[in-house]
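The values are calculated or read from the model by the stated rules, or taken from the named source; none is laboratory data. From a predicted model like this one, the values you see are computed outputs, not experimental measurements. Every residue, glycine as well, gets a Cβ built from its backbone with ideal geometry; the counts of neighbours run over all protein chains shown.
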Amino acid sequence: MDFYLTDETGKRLHFPMNPERITAVTAARIQTFEAIELGEYALPRGTVLTRITFDGLLPGETRKNTVLVKSWRDPGAIAGDLSAWRNEGKKLRLLVTETPFNHDVYIQTFEHTWEGGHGDMRYSLELVQARDILIRSEGEAKSNGEAKVLSASRPLPPPPKTHTVVKGDTLWGIAKKHLQNGARHPEIYNIPENKKLIGPDPNAIKPGQVLRLPV
């Protein structure tokens, strides 16, 4: 089994380690597919996958030759590609071999944090399936029944603005850069996703963390 994300230019990300499971939220119910030991699975009739989530580990360089790792890339480079695709609203193709997952998607959320002493990165992804919108005018409906298909640029609001922490960053400096006032740094820390990522100490931000910015 292999996990791939491919953009419309042909650029492909092959995840170096498989997540333990991938979850699809459909219009009718939630399905969970075990990625380590595949059991029986079936897609419900009359429903369309709308949200797909999975999380896993991007191994550091010291683990790149271990048996579970394939197509190793630097975790920071992978995080950069995923962040860029999310921020630019790129339509991607998700393919998980040996499963029914082969869909056009957008990245709704991408969260990651560094952990351990091997340069590993823990990540989680939430994807939303991209679909065309079928438009039928009243005249078309009465005449020949033909319809126009308009490609949805994105079925979601624009992604939030973010800042990727680099060495030497402080919340004060980030607030001054993006909000034009360093004193507004508590607004950045108090965003729930940021507080969960940073932890109890607002001064403990780490390079590689992606912080959401206030609107």
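Side notes on the structure shown:
- Selection count where residues are under 26 Å from R122 (Cα atoms) and either in contact with an Asp or Glu (Cβ under 9 Å, 6 or more places away or on another chain) or assigned by TED's automatic domain parsing to the domain that holds T109 (or both), scope region 176-195: 1
- Search result, residues across region 105-118 that are acidic (D, E) and modelled with pLDDT of 90 or more: E111
- In summary, strands (runs of 3 or more DSSP E) completely within region 132-215 and bearing 2 or more residues that are within 17 Å of R86 (Cβ to Cβ) and at pLDDT 90 or above occur at 162-164, 210-212.
- Selection within region 95-125 - among the charged types (D, E, K, R), within 15 Å of L197 (Cβ to Cβ) and under 16 Å from the mean Cα position of the chain (by Cα): E111, R122
- In region 111-131, the residues that are of a type in the set (K, R) reach residues that are at pLDDT below 90 and not in a strand (DSSP E or B) with C-beta atoms within less than 8 angstrom, at least six apart or across chains, in these pairs: R131/V48; R131/A152; R131/P155.
- Candidate set: region 54-73, residues that are loosely packed, with under 14 Cβ neighbours inside 10 Å and either touching a residue at least 40 places away in the same chain (Cβ under 8 Å) or touching a Leu at 6+ places or on another chain (Cβ under 8 Å) (or both); chosen: the one farthest from T162 (Cα to Cα): L68
- Residue within region 74-94 that is more than 20 Å from L197 (Cα to Cα), in contact (Cβ under 8 Å) with a residue 60 or more places away in the chain, surrounded by fewer than 13 Cβ atoms within 10 Å (Cβ to Cβ) and among the acidic types (D, E) present: no
- Scanning region 67-108 for residues that are touching a Pro at 6+ places or on another chain (Cβ under 7 Å) and β-branched (V, I, T) turns up just one, V69.
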